[in-house]
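Student: Quick one: the structure is below, questions incoming.
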Amino acid sequence: MTYETETTPLTDLTDDSARPKTAIDAVADAYAESLLELDPGFATSMGMSGRETEYRDYSPAGHEAMAEITSETLRRLSDLHPSDDVDAVTLDAMHERLGLELEIHESGLNLADLNNIACPAQEIRAIFDLMPTDTVEQWGHIAGRLANVQEAIGGYITSLREARDRGIVSAARQVKIVIEQTRRYAAEDGYFATMVAGAAATEGELNDASKAELASGAEAAQAAYNGLAEFLEQELLPSAPEKDAVGREHYSLMSRRFLGSEVNLEETYAWGVEELDRIIAEQEQVAHEISEGATVEEAMKILNEDPARQLNSKDELQQWMQKLSDKAVADLAGVHFDIPDIMRTIECMIAPTDEGGIYYTGPTDDFSRPGRMWWSIPAGEESFTTWNETSTVYHEGVPGHHLQVATATYRRDILNNWRRNMCWTSGHGEGWALYAERLMEELGYLQDPGDRMGMLDAQRMRAARVVFDIGVHLELEIPERWGSGTWTPESGYDFLRKNIAISEGQLKFEFTRYLGWPGQAPSYKIGQRLWEQIRDELREREGDSFDLKAFHNRALNMGSVGLDTLRRALLD
């Protein structure tokens, strides 16, 4: 399956270049419409109006409704045949993605979804970060959605309760951290209270009725989150297993979800160990450039103490990452990538939470809200260093997630709505973003040894996560260099401390994340590996005719698909 129909440069698009819609596109678009109908949060994330106050049904009935439309979509696709290469990729991707979601639904794991970073407990709150606040009407939408938090949380509790009755409960560690998070959201000085206390519109004044509606909604949301905390503490925690490892069956299923590929876990674990050793050796060489004879740790200490690399406030961090992001866009556009004007804006934001983590949110469908990268800074942290964050800006922005996500959103001329906006595979997306960090080194943007050390530190972290995540969840043997016996969370934490140069608050967050979100953290490095394998195989096959820019355009124009689908599309 080749993909020649999707190589049109973004900057060369005309109205006449749009590809005719096919029967398979119609099914994919109908599925996308059904997802929007069932999940108004999708509409908010895409900037679509009409259901700004609503939530999806988080109850078992809501999960069943999702499964029904997924099954019906696969039935409708069963009699269709691709009319072109774009169709062939859509068909391949939908069979893989939708079929897997039905497997997960049958397992009941979706009902038990609970962890410290990406579950309904955070999702129900986080949607407010994407809601506009410029007008009185928009603040009214926020008030309406605040009033509906109670119902959303109630459905989520029902699902967690049913999963518990089926013997499926997240580990106690995850339950405890989500209790802490929900208590913070609901506190008198927590997220909801702070948001409405600072409510102000740029167009018109909020009257007393509007302010009262917001205050009432915030109180309802606080009560809902306090209720969730009480349920977790009193009903779920007593049933939660102390053991964090999820085992092979659960892990294999989640690994497929995050990669869109079924990998040999033992082989991948062994590769992760070797890759970690290789990156450490590379770091040692760079350390000598920073200071002759220095160890990696000594070189990092020198970098951390360099005043020229210091940022001393959240405002300085935000301004620095915006400037670096803007420069990357300006430098790469038209030279290494096709980046139309509408995609050249990225907003760098400090997140309104303090849970840790750095993430990207895509633009609205019409680009009226641009893509954004967010830093969630742990409480108490006020100083930052540029050397270990430079490659992160490239990861989240350009040529990383922003280029990838915004390209898919932009390419309505060839992609159906499901592929443009709703098909996201972590191994593809995060693999690309990690690939982008290395690419920036290849393009000469990490000549400074400090910045290069930061990139290697990020690569080292992702390799360590492959070892930790697979090793702990499958309880494999610890490599001799790192200890003995089989992996436990405790030995894993010590291992992460030695391999991830981040603050203690960030480390605790990441450690808990890996334990509660099995298969996701390794998808970055495994995804990068598969991206590089595909590129290198094409380069070897095409020889002197291989064009790296054309390869990137061709691949990004597909949107985010499973990595097996990507491989088949580019190599078969």
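Student: Between GLU123 and ASP29, what is the FRET efficiency for a Förster distance of 22 Å, r being their Cβ-Cβ separation, to the nearest 0.05?
Tutor: 0.35
Student: Work out the charge dipole of the stretch 416-522 with +1 on the Cβ of Lys and Arg and -1 on the Cβ of Asp and Glu about the Cα centre, then indicate which of ALA436, THR512, PRO479 is farthest towards its positive end.
Tutor: ALA436
Student: Once each part is reduced to its C-alpha centroid, what is the distance from the stretch 228-305 to the stretch 128-163 in angstrom?
Tutor: Centre-to-centre (Cα) distance: 33 Å.
Student: While we're here: Using 7 Å Cα-to-Cβ label points, what is the HIS336/LYS301 separation (nm, one decimal)?
Tutor: For HIS336 paired with LYS301, the spin-label model returns 3.4 nm.
Student: Something else now. Counting Lys and Arg as +1 and Asp and Glu as -1, each charge on the Cβ, what is the dipole of the chain about the Cα centre in debye, to the nearest 20?
Tutor: Computed about the Cα centre, the dipole is about 480 debye.
Student: Pop a pseudo-label 7 angstrom from the Cα along the beta-carbon direction at both SER291 and ASP572 and give the gap in nm to one decimal.
Tutor: Between SER291 and ASP572, the label points sit 5.4 nm apart.
Student: Here is a follow-up. Considering only protein heavy atoms and a probe of 1.4 Å, how much of the accessible area of the chain is carbon and sulfur, as a whole percent?
Tutor: 48
Student: What percent does the relative contact order of the chain come to when contacts are Cα pairs within less than 8 Å and at least six residues apart?
Tutor: Once normalised by length, the contact order is 19 percent.
Student: At a Förster distance of 22 Å, what's the computed FRET efficiency of LEU100 paired with GLU477, Cβ-Cβ distance as r, to 0.05?
Tutor: Computed FRET efficiency for LEU100 and GLU477: 0.15.
Student: Right, here's the next one. Using only alpha carbon pairs under 8 Å that are at least six residues apart, calculate the relative contact order of the stretch 104-243 and give it in whole percent.
Tutor: Over the stretch 104-243, the number comes to 37 percent.
Student: Run the reach check for LYS211 against aspartates and glutamates, Cα to Cα strictly under 16 Å, same-chain hits fewer than 8 apart removed. What comes back?
Tutor: Leaving aside aspartates and glutamates fewer than 8 places away in the same chain, those within reach of LYS211 are ASP134, GLU137, GLU203, GLU219.
Student: Multiply the residue gap between THR486 and LYS323 by 0.36 nm, knock off their C-alpha separation, and tell me the result in nm, one decimal place.
Tutor: So the extension gain works out to 54.1 nm.
Student: What relative contact order, as a whole-number percentage, does the stretch 347-485 give when Cα pairs under 8 Å and 6 or more residues apart are counted?
Tutor: Normalised by residue count, the contact order of the stretch 347-485 is 21 percent.
Student: So how far, in whole Å, is the C-alpha centre of the stretch 508-525 from the one of the stretch 469-483?
Tutor: Centre-to-centre distance over Cα atoms comes out at 15 Å.
Student: Hey, what number do you get for the chain at 222 nm if only DSSP H runs of n ≥ 4 count, each worth -39500 (n - 2.57), divided across all residues, to the nearest 500?
Tutor: -19000 deg cm²/dmol
Student: Once you wrap a convex hull around the alpha carbon atoms of the stretch 143-195, what is its projected area averaged over all directions, in nm²?
Tutor: The orientation-averaged projected area of the Cα hull of the stretch 143-195 comes to 4.2 nm².
Student: I've got another one for you. Where in the stretch 541-572 does the label zone of GLU274 land, with the point 7 angstrom along Cα→C-beta and an amide N cut-off under 18 Å?
Tutor: Answer for the stretch 541-572: none.
Student: Place the peptides 280-291, 396-407 in order of packing, highest mean first, counting for every residue the other Cβ atoms within 10 Å and averaging per peptide.
Tutor: So the order, starting with the most tightly packed, is 396-407, 280-291.
Student: Moving on to the next point. Could you list the residues of the stretch 530-572 with an amide nitrogen less than 17 Å from a label point located 7 Å from the Cα of ARG412 in the Cα-to-C-beta direction?
Tutor: Hits in the stretch 530-572 for ARG412 at 17 Å: 559.
Student: Taking a probe of 1.4 Å, how large is the accessible area per residue of the chain, in Å²?
Tutor: 40
Student: Just to confirm the filter: which GluC sites (Glu not before Pro) across the stretch 182-255 are DSSP coil and have at most 13 other Cβ within 10 angstrom of their Cβ?
Tutor: Within the stretch 182-255, the qualifying GluC sites (Glu not before Pro) (loop, at most 13 other Cβ atoms within 10 Å) are GLU188, GLU205, GLU242.
Student: In whole Å, what are the Cα extents of the stretch 40-182 along the three principal axes, biggest one first?
Tutor: 47, 44, 23
Student: Could you pull the Cα extents of the stretch 344-456 along its three principal axes, largest to smallest, in whole Å?
Tutor: Principal axes ranked by extent give 42, 35, 24 Å for the Cα atoms.
Student: Let me ask another. Rounded, prolate or oblate: pick one for the stretch 161-263, where a ≥ b ≥ c are the square roots of the eigenvalues of its C-alpha gyration tensor, a/c under 1.5 means rounded, and failing that, prolate if a/b is larger than b/c, else oblate.
Tutor: prolate
Student: Taking Cα centroids, how far is the stretch 527-572 from the stretch 421-465 in Å?
Tutor: Cα centres, the stretch 527-572 to the stretch 421-465: 17 Å.
Student: Right, here's the next one. With point charges of +1 on the Cβ of Lys and Arg and -1 on the Cβ of Asp and Glu, referenced to the Cα centre of the chain, which listed residue (VAL393, ILE127, ILE177) lies farthest in the positive direction of the dipole?
Tutor: So the residue we want is ILE177.
The values are calculated or read from the model by the stated rules, or taken from the named source; none is laboratory data. Keep in mind the model is a prediction, meaning the values are calculated, not measured. Quick reminder, even Gly has a Cβ in these numbers, built from the backbone with ideal geometry, and neighbours come from all protein chains shown. Heads up: the accessible areas ignore ligands, DNA and RNA and are worked out on the full protein's heavy atoms, side chains in. Shrake-Rupley method; radii C 1.70, N 1.55, O 1.52, S 1.80 Å.
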